[in-house]
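The structure under discussion appears below in the form of structure tokens.
The values are calculated or read from the model by the stated rules, or taken from the named source; none is laboratory data. No experiment lies behind these values; they were computed from the predicted model shown. All Cβ positions, glycine included, derive from the backbone under ideal geometry; neighbour counts span all protein chains shown. Ligands, DNA and RNA are excluded from the accessible area calculation, which covers all protein heavy atoms including side chains. Shrake-Rupley method; radii C 1.70, N 1.55, O 1.52, S 1.80 Å.
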Amino acid sequence: MKLRTGIVIAVLVVVLAVVLAACSQAAPQVIEKTVVVTQVVEKEVEKEVVATPTPEAKPYEGVEVNIVTFTGPQIAEPLQRRAPDFEAMTGAKINIITVPFSDLYTKILTDAATGTNSFDAWVFAPQWMVDYILPGYMEDLTDRVANDPQIEWDDIAPFFRDFSASYNGKIYTIPLDGDFHMGYYRSDLIDSPPKTWDEYLEIAKKFQGQDLNGDGDPDFGSCVSMKRGAQAYWFIHTIAAPYIQSKGTSQGVFFNTKDMEPLVNNAAFSKALDIYNEMKDYGPPDSLNLDVGDTRALFTSGRCALSIDWGDIGTLAIDPDTSVVADKTGAMIAPGSTEVLNWDTGELVPCSEGDNCPYAVDGVNHAPYAAFGGWSGGVNAAADPKVKDAAYAFFSYMSAPAQSNEDVTIGITGFNPYRQSQFLNRELWVKAGMSPDFASNYLGAIEDSLNSPNMVLDLRIPQNQKYQQVILDTAVSQFMAGEISKEDAMKQIYDGWQELTDELGRDDQLAAYKGTLGQK
Amino acid sequence: MSVKSKLFKRKNINAPSPIAKIISYTILVIWTFVVLFPLYWLAITSLKHPIDVNSGPYYIPFVDFQPSLYAWQYVLFGDLQNDTIRPYINTVIVALTSATLALILGASAAYALTRFRYNPKLGTILLFIGALLLDVVLTMVGVNWAIALAVAVAVFLILMQVLAKRFHRSLGNNDIAFWLISQRMLPPVAVVIPIYILFQRLHLLDTRTALIVTYLAVNLPIVVWLMRDYFQSIPIDLEETAAIDGASRYRIFLSIVLPLSVPGLVATFLFVLVFAWNEYLLALFLSGANAQTLPLTIAAQNATRGPQWWYMSVLILIMIAPVILIAIFLERYIAKGLLVGAVKG
Amino acid sequence: MEPTRQETATSTSATNKPKPTRKRPFSGKEGMASSVFIWPALLVVLLLSIFPLLVSLYLSFSRFKFVKGGFEVKWIGLLNYKKLLFGSEKTHFLGKMEQPTTLGWIIFIGITVLLIVTLIHYYRSDRRSTGGLIFRAIVYAILIAFAWLLVITTFSQGGRPGTMVVTWIYVFVGIVIQYAVALLLAVILTQQLPGRRFFRVIFLLPMMITPVGVAYLFRMLTDTGKGPFAPLWQAAGLGMYSWVNDPWGARIAIIIGDAWQWIPFMFIVLLAALEGQSMEQREAALVDGANRWQIFWNITMPQIIPVTITVVLIRMIEAFKIVDLPNVLTNGGPGTATESLTLHAYFSWRALDLGGSAAIAYSLLIVVTFFGIAYINILRRRFVEE
């Protein structure tokens, strides 16, 4: 009896196995496919370039492109809105697939790494791209961009062009959005915005506990997100950056490019932790649990004198649905510092323009931090060549000034300016509802930041999520909550990063880090 | 004792004294408030403009703030429509199918575990695990997984013939039951990548089938455990009488055991339905554009702009509405089950 | 597998106490039926659970890395576990260990004495067996070690519980609260009260909301700035205090949220059990003049103990996996105060450290299995299968 049952089951399992084997392809083939695909590229590009100026030709008739991004409305909205126009022009059908923001990174990587390849192109954070480039999941777009006049590549701000979209001198992503940290202040309360972090704290202290929106309740000096697992790990470097980096973008703020030593065990990072911790005293009592969504809501409902954020507050502040501070908001470049780190000694030294900080303005070194880096389009190398071309053409279409200059002025798109023409031409913004004063102030702050040769690139080496979201974030939030001392926090980050670097291979990581900074 | 007098007696036991009644109602009302206030907050949040939420708290529509259908409009007919309707249909189909299947398979297994004795040989099980390990190792090494499986099965069968008889130690029903429940102990995070790869190889990613099968496997242990206790509490005499009358096991199960365990079945069904209805992480990975379920849409309302409380509230409300209806509908059956329970002694 | 209702087989089985052997009228066709009943369920679970289980076991011993054209899983032995128990993750995973406070010592000695007394009690009882004694001694030794870990992290000067200990706090405090409230509500609603069907449906509601939704709902409710309780908060003079800055405040918020959602689960199972109990005994007791409390304690409780044990076990297993509430409410903060094991694993997993994540998950599995086996063997066998 038992034996018979066993055999019956065994036979069933074997039959099942054979059936499954028959209808599944063997996995290892993915590798070959990638290789084959890269060869086809060059020819296809020219075809695409010839095709675009004459929309009637519909070069991608019948092509379907699956593009994944997070569930909007931001970012997904403009893509969905413009997809039909693009289809009418070129014949390519664009499907926008959305997944929750928090799991986008893992979802895309799993899809690519297991060879599922259900997504032909991704609109994602360029910060993640090295994780995708090294295993060969990402298509090199350099030649396509070079042969595409429509995208007006030179119009894109140099930082996004040369650093954000590129790795090792090759272009991998098409910027659709510009993301970096800047400061916001209440222009009705503050005449001269803070230039340094020390001034920032002074002003925040002054307004803490005062009623700023006329409802009788005490309000706050500074609203900055400090929540764990949210954006805290970016804000700490926004503060630390002007102390650490003074010699231009390619210097970097995370590691010493000589030996991959983490730049966290020094006077500059220590100072940044102190400042971040002091900000807690001039903010809402539940600062430790606020993410940027919360601080934005606080700022736009008039409860904060100062805030640090991405470009989003600018467009949110003028939205009457959410904001009571439309005509009271000012924007500024992120505060800087008068001292900078001496990388050899690990101590802070005064900033002097001719010498250690060539880009200082009035003795203040600014280092605006391009945290996250701005949503960009990347193409899956394993997709069909025709599909890759169509995907590239779509991103090029989205990024071209004709489309993007309009989109960046619409709050719901979530797109922030990243092109010269977008902050030079203020008319569009006034049309979108900004007061001329705020428009020039907001765009001026963006211009100051984007034109700074000392902009800071986000960490983009393999496993950057683990470096930042796990090790850095945990230690910073433990320090902010008073669980560990400042010294322990710095040591914990230092040890954690060193351990991870050694695990992943110090030389590989160093090469990747240099690659992102454009260093050889 | 006639049924009537029994019912009468029962009333005696369960009818509370006036003081007990007052205490009972006080507790019930307090708890009702505890349960309903958060839901009330959801309901009014769904009627607020963002500005009302952010500068709040406001409690009563029309008095504190001007309610608007802005969020409802957006979720049901506006931009979010595509991310609402299809996931909604998916959720309904996936949850109902998997819960029903889990109830059928789980109740049978639970019945079997209370009425039959199984003695799986420890040796056989160890061999089986060994064979599976072999299979996994082979696959990891790079052998085509189907070949690896075939090899593993062959090794298992051969060794079983040779070795199994040497092992005398055997396991019992409780071990099977514990093994089943232990399958729920590993957090989904740990199994989601392997399950993803499994369904990818089967070409079932982004289908409802994948979700149904996964939820079925995930929820079966719970059904087995809950139903085992109910079946254990049902006296065996009735079944034996029926068996003497010549009824088969299947017949006994269907027409005697199941009707007697309606309250348990209903409660269990409700759980697994709710679990399947609300599952997030597995749904995230196994679904793409086509099979996405509603919890994903809810979680997605917290993106770069911070949580969109107003949309989230609408989504949660429309998501629980049908489950509440099912609960109200099934509550009657729990009551009916009560009567069966009363007569059965 | 073979059905062994036959008396001969039952008496030889070593691990199982024989069922009460009655006269079995069922015929020989049983063999087929026993397979038909159990195999579909077993097969589904086998096929879908074993494979992922083994793969994650393998992952927990390896490092996951992306390489050209795919990914690579490199065997690194026990390194992931070493890191958790002795290496860089130790304080995060287990906690920061310091000298216990007086309260800590009292708790630790209390637990130890309680366990030793139970063991002696077992040794003196007639259910004793050598195997059982050894098993119990091992289980209790591990429990005492766990108690020590709890005490030196949570009840100590300057110590701090790691994710493992925080998870225990969620599980055990949460279950006690949930069971107590659920039982109270279920007992009340077994009475003949007008409107009880209304209450029953109402009380089920929290369970039906998706956990992610509940987590966001509680984030709204616990907001001290714009949540509904903000005015109360300020009236109490706590305007500049926030529960999120205080580790215990944040943990309590999570325990409350979890209780709110899962009391209905306990409630409905207990209600069904209470309603399914036989009336005769209670009637007889009433005739004998027993009061309500005596009836409840001596007659009702023993009848619902099997269901109690099951429902507590299921809740325990589920509660060990708590993730949505801490993830949404506090993201594990302030610091690491509210981070549960699953959340710890989830954070690593999101950074695609699949090996580290699997190691945490397997540690969780080992601990839950330990608690589960100890619980089943000591409680369930005692109350249910005697």
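Checking each residue in the stretch A:344-361 for being small (G, A, S), at pLDDT 85 or above and within 20 Å of A:N451 (Cα to Cα) picks out only A:A360.
Could you check C:P194 against (1) in a loop (DSSP other than H, G, I, E, B); (2) at the interface with another protein chain (Cβ under 8 Å from one of its Cβ atoms) and say which number it fails? Every condition holds for C:P194 apart from (2). Looking across the stretch A:493-505, the residues that are in contact (Cβ under 8 Å) with a residue 12 or more places away in the chain and facing chain C (nearest Cβ under 8 Å) come down to A:G496, A:L504. For the stretch A:148-160, check the following and say yes or no: at least one residue is more than 30 Å from C:V73 (Cα to Cα) and small (G, A, S). Yes; the residues of the stretch A:148-160 include at least one that is more than 30 Å from C:V73 (Cα to Cα) and small (G, A, S). Taken as a whole, the condition of being more than 7 Å from every other protein chain (Cβ to nearest Cβ) and within 29 Å of the chain's Cα centre (by Cα) does not apply to C:T210. For the stretch A:153-186, a residue qualifies if it is modelled with pLDDT under 90 and among the hydroxyl-bearing types (S, T, Y), and the qualifying residues are A:S164, A:S166, A:Y167. Considering (1) open to solvent by less than 10 Å² (accessible area, probe 1.4 Å); (2) among the aromatic types (F, W, Y); (3) outside any helix (DSSP H, G or I), say which one A:F423 fails and leave the rest. If we test A:F423 against (1) open to solvent by less than 10 Å² (accessible area, probe 1.4 Å); (2) among the aromatic types (F, W, Y); (3) outside any helix (DSSP H, G or I), just (3) comes out false.
Yes or no: the stretch B:206-223 includes at least one residue that is in a loop (DSSP other than H, G, I, E, B) and open to solvent by 10 Å² or more (accessible area, probe 1.4 Å). Checking the stretch B:206-223: at least one residue is in a loop (DSSP other than H, G, I, E, B) and open to solvent by 10 Å² or more (accessible area, probe 1.4 Å). Here is the figure for the stretch A:277-313: residues that are assigned to a helix (DSSP H, G or I) and either over 19 Å from A:L212 (Cα atoms) or open to solvent by 20 Å² or more (accessible area, probe 1.4 Å) (or both) total 10. Residues in the stretch A:387-413 that are under 26 Å from A:G433 (Cβ atoms) and open to solvent by less than 10 Å² (accessible area, probe 1.4 Å): A:M398, A:S399, A:A400, A:S404, A:D407, A:V408, A:T413.
For the stretch B:231-271, enumerate the residues that are in a loop (DSSP other than H, G, I, E, B) and among the charged types (D, E, K, R).
B:D245 - this is the single residue of the stretch B:231-271 that is in a loop (DSSP other than H, G, I, E, B) and among the charged types (D, E, K, R).
Scanning the stretch C:44-73 for residues that are at pLDDT below 85, more than 7 Å from every other protein chain (Cβ to nearest Cβ) and in a helix (DSSP H, G or I), we see that the one that is surrounded by the most Cβ atoms within 10 Å (Cβ to Cβ) is C:L46.
Among the conditions (1) outside any helix (DSSP H, G or I); (2) under 24 Å from the mean Cα position of the chain (by Cα); (3) crowded, with 22+ Cβ neighbours inside 10 Å, the only one that A:P453 does not satisfy is (3).
Please verify whether the stretch A:254-265 includes one or more residues that are part of a helix (DSSP H, G or I) and either within 28 Å of B:R305 (Cα to Cα) or open to solvent by less than 10 Å² (accessible area, probe 1.4 Å) (or both).
Kept after step one, since they are part of a helix (DSSP H, G or I), are these residues of the stretch A:254-265: none.
No, that holds for no residue.
With respect to A:T329, is the statement that it is touching a helix residue (DSSP H, G or I) at 6+ places or on another chain (Cβ under 9 Å) and open to solvent by less than 30 Å² (accessible area, probe 1.4 Å) true? Yes. Test B:S24 against the stated conditions and say whether it is touching a residue at least 60 places away in the same chain (Cβ under 8 Å), open to solvent by less than 50 Å² (accessible area, probe 1.4 Å) and not aromatic (F, W, Y). No; evaluated as a whole, the condition is false for this residue. Would you pick out the residues in the stretch C:149-169 that are in a helix (DSSP H, G or I), open to solvent by 20 Å² or more (accessible area, probe 1.4 Å) and more than 18 Å from C:L84 (Cα to Cα)? Scanning the stretch C:149-169 gives a single hit, C:T154.
Can you pull out the residues in the stretch A:277-312 that are within 8 Å of chain B (Cβ to nearest Cβ), in contact with a helix residue (DSSP H, G or I) (Cβ under 8 Å, 6 or more places away or on another chain) and among the small types (G, A, S)? Within the stretch A:277-312, A:A297, A:S301 qualify.
Within the stretch A:210-225, at least one residue is in contact with a helix residue (DSSP H, G or I) (Cβ under 7 Å, 6 or more places away or on another chain), within 14 Å of chain C (Cβ to nearest Cβ) and part of a loop (DSSP other than H, G, I, E, B).
Only a single criterion out of (1) more than 7 Å from chain C (Cβ to nearest Cβ); (2) open to solvent by less than 10 Å² (accessible area, probe 1.4 Å) is not satisfied by B:I176, namely (2).
Any residue at all in the stretch A:467-476 that is in the same structural domain as A:A232 (by TED's automatic domain parsing), open to solvent by 10 Å² or more (accessible area, probe 1.4 Å), under 25 Å from A:P175 (Cα atoms) and in a helix (DSSP H, G or I)? Yes.
Here's the yes/no breakdown for (1) within 14 Å of chain A (Cβ to nearest Cβ); (2) modelled with pLDDT under 80; (3) buried (at least 23 other Cβ atoms within 10 Å of the Cβ):
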position	(1), (2), (3)
C:I263	no, no, yes
C:E283	no, yes, no
C:D288	no, no, no
C:T300	no, no, no
C:I305	no, no, no
C:L313	no, no, no
C:M316	no, no, no
C:P326	yes, no, yes
C:N331	yes, no, no
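Apart from one condition, B:Q161 fits all of (1) surrounded by 14 or more Cβ atoms within 10 Å (Cβ to Cβ); (2) at the interface with chain A (Cβ under 9 Å from one of its Cβ atoms); (3) modelled with pLDDT under 80; the exception is (1). Of all residues in the stretch C:96-137, those satisfying the criterion of being assigned to a helix (DSSP H, G or I), touching a residue at least 40 places away in the same chain (Cβ under 8 Å) and under 30 Å from C:T336 (Cβ atoms) are C:L103, C:G104, C:W105, C:I107, C:F108. Of all the residues in the stretch B:173-212, those that are β-branched (V, I, T), in contact (Cβ under 8 Å) with a residue 60 or more places away in the chain and within 17 Å of C:V44 (Cα to Cα) number 4.
Residues are listed down the side, and each one gets a yes or a no for (1) surrounded by 15 or more Cβ atoms within 10 Å (Cβ to Cβ); (2) within 11 Å of another protein chain (Cβ to nearest Cβ); (3) modelled with pLDDT under 90; (4) within 30 Å of B:V224 (Cβ to Cβ):
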site: B:K4; (1), (2), (3), (4): no, no, yes, no
site: B:W31; (1), (2), (3), (4): yes, yes, no, no
site: B:F37; (1), (2), (3), (4): no, yes, no, no
site: B:P50; (1), (2), (3), (4): yes, yes, yes, no
site: B:V53; (1), (2), (3), (4): yes, yes, yes, no
site: B:Q81; (1), (2), (3), (4): no, no, yes, no
site: B:T100; (1), (2), (3), (4): yes, no, no, yes
site: B:S108; (1), (2), (3), (4): yes, yes, no, yes
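Cβ contacts < 6 Å: first residue facing chain C (nearest Cβ under 10 Å) and touching a residue at least 60 places away in the same chain (Cβ under 8 Å), restricted to the stretch B:318-331; second residue aliphatic (A, V, I, L, M) and open to solvent by less than 40 Å² (accessible area, probe 1.4 Å), any location; separation 6+ or different chain. Result? Here the result reads B:M319/B:L294; B:L330/B:V266, each pair linking the stretch B:318-331 to a residue that is aliphatic (A, V, I, L, M) and open to solvent by less than 40 Å² (accessible area, probe 1.4 Å).
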